[in-house]
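The structure appears below as structure tokens.
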Amino acid sequence: MDTGRLTFLGLVDAAVAQHPSMVGVPADFDPVSVPLCVAVGDQDSLLSMDDVKKFKDILDAKSIPTEVTVYEVCQAGKVA
């Protein structure tokens, strides 16, 4: 049984995540199977830019539309 936090994506046609925090990389992104748009701030104290690059690489390798936008000079909770 898959236990990734984003496994609910199997129940929807597409999803958007704004300033996700406390996600596991790669565990929460490997199971993604629907289009996903992620918006993060580059100064997010809960999600490192190393992790953002890792999950972006995972999503880019998938054959589904995905987008990761990093907002500069932006902290967690300030992305809208």
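Go through the stretch 35-52 and give me each residue that's over 14 Å from Cys74 (Cβ atoms) and surrounded by 16 or more Cβ atoms within 10 Å (Cβ to Cβ).
First, pick out the residues of the stretch 35-52 that are over 14 Å from Cys74 (Cβ atoms): 35-37, 48, 50-51.
Pro35, Leu36, Asp51 - these are the residues of the stretch 35-52 that are over 14 Å from Cys74 (Cβ atoms) and surrounded by 16 or more Cβ atoms within 10 Å (Cβ to Cβ).
Across the stretch 19-31, what is the number of residues that are closer than 14 Å to Ala61 by Cα and at pLDDT 90 or above? Summing the residues that are closer than 14 Å to Ala61 by Cα and at pLDDT 90 or above in the stretch 19-31 gives 3. Among the residues making up the stretch 50-64, those that are more than 11 Å from the chain's Cα centre (by Cα) and at pLDDT 95 or above are Asp50, Asp60, Ala61.
Within the stretch 26-79, being closer than 21 Å to Val12 by Cβ, touching a residue at least 12 places away in the same chain (Cβ under 8 Å), part of a loop (DSSP other than H, G, I, E, B) and of a type outside the set (D, E, K, R) holds for Pro26, Ala27, Phe29, Pro31, Val32, Ser33, Val34, Pro35, Ile64, Pro65, Val79.
The values are calculated or read from the model by the stated rules, or taken from the named source; none is laboratory data. The structure displayed is predicted, hence computed values, not measured ones. Methodologically, a virtual Cβ is constructed for each residue, glycine included, from the backbone with ideal geometry; neighbour enumeration extends over all protein chains shown.
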